[in-house]
Amino acid sequence: MKILLINKFHYKRGGSETYYFALAEALIAKGHKVIYFAMQDEKNLPCAQSKYFVSNVDYNGRKQGMLSKIKLGLKIFYSFEAKEKMKKLIREEKPDVAHIGLIHRQITFSVVDVLKKYNIPIIMTMHDLIFACPNYTMLSRTGICEDCMDKGIVSCVKKLCIKDSKAKSFIGVMEAKFLKIGKYYNKIDLYIAECEQYKALMKKSKFTKSKIINMTNFLPINQEYKFNEEYKDYILYFGRFSKEKGILTLLKAHKQMECKYKLIIVGDGLIKDELQKYIDENRLTNVELLGAIYGDEMEKIIERSRIIVVPSEWYENCPYSILQSIAKGKVVIASRIGGLPELIEDKKTGYLFEAGNADDLEIKINFIMQLDRKEYEKISYRILYSAKEKHYWEKYIDELISKYMKLIRSKKCVDHNKI
């Protein structure tokens, strides 16, 4: 089978790209051929189909004139370049099925029109909340917000949800209206939600008539399931530095514990300076605020930690930070929010705390740090076993391939002679 994977980014950027590349690797391991469609970028990994990639679109780049802004704004809704390049790619490669990740605003749903024209089955994995929120996150300035579902998407403009800008929020709402009027979400044959909570939100939003299923993420095929018994007694956060990730709540808990445990924070993002300011103003000690770290170096930092904290304060999906951690037998303390409780069985394979509650987080951290080595390792090996049982790649891929085959049969096969 030849599978076309579509994602705006073709480099290791976040959880969506971790999934994208892990999926490709697993499908290839099962004997299938994978082809790609993405956006051009100097950070892209080598790819045989890169000549078909759509031109780079950066909505956060340098200042531009009014005409350039208007042209760029129109590209958010529909990319004719992506449409033409997708046609050429399909004629050349003749895929049997397409699997979409992130495409909004850079690639756009113009490629879906092409896939439908050639009767190619389409699966889409929903990595974010854009189906119900033009701001992707269901966050307003005051916290979690479901107003776009309950009161209509014009709420996005009223609350200036997209980067505190009326213009950007208006464009986001217009994009949502364009997709609804064009019934683009109904053109996808099957949606995959990465957690049950997202599936419930997708159904509540009534954004599509297509089928929605839940398939919890898998770990890459090269993932080692191994607990390092030479761990150290430090607490670790790694990931994006943004408000909704709850890092300030972690720092508040660290302050309340009088900085008695070493805390390492790894990553980068918009609030890095704010985090450093909080550390300085509160004279926090025993804390290291590091930049982004990848590869083997990051793996070692995870392995040597005692606790991984995931203090999210938004509807987190199925983060690879948790999957990576439990594959090493690490005890994860996570917020009781979004899809996180689906990954952690409280007090058995990790611990949950009330999102945004530094007092509750402090209690959980103290409990784990005070466990003796024997008790801690007993929990760790239980976590390790659970991770392999629930997130091993082959089980996921076999189920996904069966979904592909079912869709192909329902389409009565792609007629490559017409391509």
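Taking Ile302, is it surrounded by 22 or more Cβ atoms within 10 Å (Cβ to Cβ) and out of contact with any Cys (no Cβ under 7 Å at 6 or more places or on another chain)?
Working: surrounded by 22 or more Cβ atoms within 10 Å (Cβ to Cβ): no; out of contact with any Cys (no Cβ under 7 Å at 6 or more places or on another chain): yes.
Considered against the rule, which asks whether it is surrounded by 22 or more Cβ atoms within 10 Å (Cβ to Cβ) and out of contact with any Cys (no Cβ under 7 Å at 6 or more places or on another chain), Ile302 comes out as no.
Looking across region 181-203, the residues that are assigned to a helix (DSSP H, G or I) and either among the small types (Gly, Ala, Ser) or crowded, with 19+ Cβ neighbours inside 10 Å (or both) come down to Tyr185, Gln197, Tyr198, Lys199, Ala200, Leu201, Met202.
Of all the residues that make up region 326-380, how many are assigned to a helix (DSSP H, G or I) and of a type in the set (Asp, Glu)? Don't jump to the end; show me each part of the working.
The initial filter retains those residues of region 326-380 that are assigned to a helix (DSSP H, G or I), namely 326, 340-343, 358-369, 373-380.
Imposing the further condition that a residue be of a type in the set (Asp, Glu) reduces the set to 342, 359-360, 362, 375, 377.
The number of residues fulfilling the criteria is 6.
Taking Lys117 as the residue in question, decide whether it is of a type in the set (Lys, Arg), in contact with a His (Cβ under 6 Å, 6 or more places away or on another chain) and either surrounded by fewer than 22 Cβ atoms within 10 Å (Cβ to Cβ) or not assigned by TED's automatic domain parsing to the domain that holds Ile192 (or both). Give the steps one after another, and end with the answer.
Numbers: of a type in the set (Lys, Arg): yes; in contact with a His (Cβ under 6 Å, 6 or more places away or on another chain): no; either surrounded by fewer than 22 Cβ atoms within 10 Å (Cβ to Cβ) or not assigned by TED's automatic domain parsing to the domain that holds Ile192 (or both): yes.
Spelling it out, it is not the case that Lys117 is of a type in the set (Lys, Arg), in contact with a His (Cβ under 6 Å, 6 or more places away or on another chain) and either surrounded by fewer than 22 Cβ atoms within 10 Å (Cβ to Cβ) or not assigned by TED's automatic domain parsing to the domain that holds Ile192 (or both).
Selection of region 140-165 for residues being in a helix (DSSP H, G or I) and surrounded by 13 or more Cβ atoms within 10 Å (Cβ to Cβ) yields Asp147, Cys148, Met149, Ser155, Cys156, Val157, Lys158. If you filter region 76-114 down to residues that are assigned to a strand (DSSP E or B) and in contact with a helix residue (DSSP H, G or I) (Cβ under 6 Å, 6 or more places away or on another chain), you find that the one that is surrounded by the fewest Cβ atoms within 10 Å (Cβ to Cβ) is Val97.
Considering every residue within region 205-213, establish whether at least one is at pLDDT below 95, part of a loop (DSSP other than H, G, I, E, B) and not assigned by TED's automatic domain parsing to the domain that holds Ile100. No.
Inspect all residues belonging to region 248-269 and state whether any of them is closer than 30 Å to Cys133 by Cα, surrounded by fewer than 17 Cβ atoms within 10 Å (Cβ to Cβ) and touching a strand residue (DSSP E or B) at 6+ places or on another chain (Cβ under 9 Å). Yes: one or more hits.
Checking the condition small (Gly, Ala, Ser), at pLDDT 90 or above and either over 19 Å from the mean Cα position of the chain (by Cα) or over 18 Å from Ile76 (Cα atoms) (or both), which residue from Gly143, Gly182 passes? Reasoning before the result, please.
On the way: Gly143 fails: at pLDDT 90 or above.
The conditions single out Gly182.
How many residues, within region 1-37, are among the small types (Gly, Ala, Ser), modelled with pLDDT under 95 and not in a loop (DSSP other than H, G, I, E, B)? Even if it seems obvious, please write down each step before you answer.
Restricting attention to region 1-37, the residues satisfying the condition of being among the small types (Gly, Ala, Ser) are 14-16, 22, 24, 26, 29, 31.
Imposing the further condition that a residue be modelled with pLDDT under 95 reduces the set to 14-16.
Cutting the leftovers down to not in a loop (DSSP other than H, G, I, E, B) gives us 15-16.
Residues flagged as among the small types (Gly, Ala, Ser), modelled with pLDDT under 95 and not in a loop (DSSP other than H, G, I, E, B) within region 1-37 amount to 2.
Would you check if there is a residue in region 272-291 being outside any loop (DSSP other than H, G, I, E, B), in contact with a Lys or Arg (Cβ under 7 Å, 6 or more places away or on another chain) and either crowded, with 20+ Cβ neighbours inside 10 Å or without any contact (Cβ under 8 Å) to a residue 40 or more places away in the chain (or both)? No.
Got at least one residue in region 252-261 being among the aromatic types (Phe, Trp, Tyr), farther than 18 Å from Gln324 by Cβ and in contact (Cβ under 8 Å) with a residue 60 or more places away in the chain?
For region 252-261, residues among the aromatic types (Phe, Trp, Tyr), farther than 18 Å from Gln324 by Cβ and in contact (Cβ under 8 Å) with a residue 60 or more places away in the chain: present.
Against the conditions (1) crowded, with 17+ Cβ neighbours inside 10 Å; (2) under 24 Å from the mean Cα position of the chain (by Cα); (3) in a helix (DSSP H, G or I), Ser402 satisfies every one except (1). Specify the residue that is nearest to Lys177 (Cα to Cα); the eligible residues are those in region 211-237 that are in contact with a strand residue (DSSP E or B) (Cβ under 8 Å, 6 or more places away or on another chain) and crowded, with 16+ Cβ neighbours inside 10 Å. Filtering region 211-237 for residues that are in contact with a strand residue (DSSP E or B) (Cβ under 8 Å, 6 or more places away or on another chain) and crowded, with 16+ Cβ neighbours inside 10 Å, the one nearest to Lys177 (Cα to Cα) comes out as Ile212. All of Glu316, Glu354, Glu342 fail the test of being in contact with an Asp or Glu (Cβ under 9 Å, 6 or more places away or on another chain) and modelled with pLDDT under 95, apart from Glu316.
Hey, could you check region 52-75 for residues that are part of a helix (DSSP H, G or I) and within 21 Å of Glu42 (Cα to Cα) and say which is modelled with the lowest pLDDT? The qualifying residue modelled with the lowest pLDDT is Leu72.
The values are calculated or read from the model by the stated rules, or taken from the named source; none is laboratory data. Computed from a predicted model, the values in this text were never measured in an experiment. Positions of Cβ are backbone-derived with ideal geometry, glycine not excepted, and every protein chain shown enters the neighbour counts.
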